[in-house]
Amino acid sequence: MNILLVEDNDQNSYLVRFLLEAAGHTVVHFSTGRAAVEYCQEHAPGLVLMDIQMPEMDGYEAAGLILANPRMNGVPIIAVTSYAMAGDRERALKSGFSGYIEKPINPETFVAEVNRFHDLSRSTP
């Protein structure tokens, strides 16, 4: 699967790319929401993993712009974030994210979580 990773922390992006690529996925990485939005104007990945707190444009704004793009219809956007306070998951889901994964990620379960979100998107008519 082609996955778009939007993450501004080098250590987090390295770990996520390492895990996903080791599992056979192709990962395209950008460190800003603006770059991700521009990428999605021309490409439709199978899944987007989006940090919330980033420079230039936060994940909520970037996800909203990506979701408004008809090319991205049906592509799940998953929040992968350290925002783990009460109500953060609900806010992400109400903002259009298809799912929510808390940081720090668990390397033993992360790929399975990502695959589950992709599998759900493919089974939705």
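Brief remarks follow.
- Residues (surrounded by fewer than 18 Cβ atoms within 10 Å (Cβ to Cβ) and either closer than 18 Å to Asp10 by Cβ or β-branched (Val, Ile, Thr) (or both)) located in segment 36-59: Gln53, Pro55, Glu56
- Residue check, Gly74 at positive phi, in contact with a helix residue (DSSP H, G or I) (Cβ under 7 Å, 6 or more places away or on another chain) and surrounded by fewer than 18 Cβ atoms within 10 Å (Cβ to Cβ): yes
- Within segment 17-35, tally of residues that are surrounded by 15 or more Cβ atoms within 10 Å (Cβ to Cβ) and either free of Cβ contacts under 8 Å to residues at least 24 places away in the same chain or part of a helix (DSSP H, G or I) (or both): 6
- Any hit, segment 28-40, residues being modelled with pLDDT of 95 or more and of a type in the set (Lys, Arg): yes
- Qualifying residue in segment 9-16 (condition: on the phi < 0 side of the Ramachandran plot, part of a helix (DSSP H, G or I) and touching a His at 6+ places or on another chain (Cβ under 6 Å)): yes
The values are calculated or read from the model by the stated rules, or taken from the named source; none is laboratory data. Please read these numbers as outputs of a predicted model, since none were measured by experiment. Backbone-built Cβ (ideal geometry, glycine too); neighbour counts: all protein chains shown.
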